[in-house]
Amino acid sequence: MSNKHNNQLSTVLDILRFPMIVLVLFMHVVPISANAIPHEFSWESLYLFTTEFVAHNFGRIAVPIFFLISGYLFFLKAPKQYDSQFFADQWRKRISTLLVPYVLWNLLKYAAIASKGYLMQKAGFSSDGDWGYFQSLDLYHIFYSPLNEPLWYLRDLICMVIISPLFYLLLRYAKHLGMLLLTVWYLSALEIGISGFSLTAIFYFGLGAFYSICKRDMLKDFTRLKIFPLIISVLIISTGTIWDNTGTTKEYWLRPALILGVVGSFALADRLIQTQEDFKNLCLKMAGNVFFIYAVHEIYIKNWLNGFFSRIPMMDHYAVKYVGYFIQPLILLAVSLLLNYLVKRYLPKVYAVLTGGRA
């Protein structure tokens, strides 16, 4: 890969981070369960289609892109021959960048639940559901489950790092055949059923690893068809959302569409950085804040915001709910960014530890 393409790919990887975290926020402000779309023209149908399309279907490209970036960067300087020292060095680095933030953010969620329950009891209020849940927790549900729910991504990433030598051996020696096997496995939707080893993590981390280990030009491959894969992805997911959003065959059309969406997102980002300088600069400026936003927004901020919106009388109307769906994630983003600024400004050492030095 030429230095020019290498620098351009690095820029694409950086600017994708911020739009993807915004997409994550749009995913997290609605309930996790999927809904069938009524086949009628109404505000309810429009609201459900929009939220299902974004939150439960197309939005699922966000975490795969993070896995892909992680796999690519992990193996970027991998040697041509297997070297145990390379993996030892990489594991050592990930203690501070992955493991320590993972443990600390789970402890922060744990402390938030405990503090809320304690203060409510002191104030004479009855204990809420969180307090009862807190009292029943064991170490597995605090850390490996994890308690701070979005950190499942970090947990799976840690697991991918642990088995990284297997990715190296498969992709270094089997090359394209190894990547083909991972692709077929992912599309089969035959999950292992072990927490930390989701096929989403295995496939996309492996895809990023493939491009680093085999020294292929990711940007050239992903931009070959420009944004047409993204357009096809949107069409497939739109159709599937309307007709098969809760069906048993959903994963079989959604997973291929997500691959196309990920590839097309790289092509779109590459196009935007060449034509939209302001967008490029904003995303580069925000890239260092993404991890903090990802980890902090689930520590009551999202729940309180959901509670506030649910108490607005007009939110019973789907037209108002539709507008609210676009406002709520932006408020969540603003609050998260404010906390990001305050912690970074007044507790820089704490911020560095919490984010694994990503700022």
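Of note:
- When Leu182, Leu225 are screened for being assigned to a helix (DSSP H, G or I), of a type in the set (A, V, I, L, M) and either touching a Phe, Trp or Tyr at 6+ places or on another chain (Cβ under 7 Å) or open to solvent by 40 Å² or more (accessible area, probe 1.4 Å) (or both), only Leu182 passes.
- Residue that is nearest to Lys250 (Cα to Cα), among those in the range 188-206 that are of a type in the set (Val, Ile, Thr) and outside any loop (DSSP other than H, G, I, E, B): Thr200
- Annotation note: Cβ proximity below 6 Å between a residue of the range 214-227 that is over 23 Å from Tyr168 (Cβ atoms) and a residue that is of a type in the set (Asp, Glu) (sequence gap 6+ or interchain) occurs for Thr223/Asp270.
- The condition of being within 30 Å of Ser115 (Cβ to Cβ) and not β-branched (Val, Ile, Thr) holds for only one of Gly288, Gly264, Gly247, Gly240, that being Gly288.
For every residue, the table says whether it meets (1) within 30 Å of Tyr110 (Cα to Cα); (2) open to solvent by 40 Å² or more (accessible area, probe 1.4 Å); (3) assigned to a helix (DSSP H, G or I).
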| position | (1), (2), (3) |
| --- | --- |
| Asp156 | yes, no, yes |
| Leu177 | no, yes, yes |
| Gly208 | no, no, yes |
| Ile236 | no, yes, yes |
| Thr239 | no, yes, yes |
| Thr246 | no, yes, no |
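- Going through (1) within 30 Å of Met179 (Cα to Cα); (2) open to solvent by 40 Å² or more (accessible area, probe 1.4 Å); (3) of a type outside the set (Gly, Ala, Ser) one by one, His317 falls short only on (1).
- In the set Asn35, Asn7, only one residue is without any contact (Cβ under 8 Å) to a residue 24 or more places away in the chain and either farther than 27 Å from Ala334 by Cα or in a helix (DSSP H, G or I) (or both); that residue is Asn7.
- Single condition Phe18 does not satisfy, out of (1) over 21 Å from the mean Cα position of the chain (by Cα); (2) surrounded by 21 or more Cβ atoms within 10 Å (Cβ to Cβ): (1)
- When restricted to residues that are in contact (Cβ under 8 Å) with a residue 40 or more places away in the chain, under 14 Å from Thr11 (Cβ atoms) and among the acidic types (Asp, Glu), the range 233-285 contains 1.
- Just one of the numbered conditions (1) at pLDDT 95 or above; (2) within 18 Å of the chain's Cα centre (by Cα) is not true of Thr50: (2).
- Filtered by the rule that a residue be without any contact (Cβ under 8 Å) to a residue 24 or more places away in the chain, open to solvent by 90 Å² or more (accessible area, probe 1.4 Å) and more than 26 Å from the chain's Cα centre (by Cα), the range 81-104 gives Gln81, Gln85.
- Selection count, the range 302-314, where residues are within 28 Å of the chain's Cα centre (by Cα) and open to solvent by 40 Å² or more (accessible area, probe 1.4 Å): 5
The values are calculated or read from the model by the stated rules, or taken from the named source; none is laboratory data. Because the structure is predicted, anything quoted here is derived from the model rather than measured. Please note: Cβ atoms are built from the backbone with ideal geometry, for glycine as well, and neighbour counts cover all protein chains shown. The area values use the complete protein model at the heavy-atom level, side chains included, leaving out ligands, DNA and RNA. Shrake-Rupley method; radii C 1.70, N 1.55, O 1.52, S 1.80 Å.
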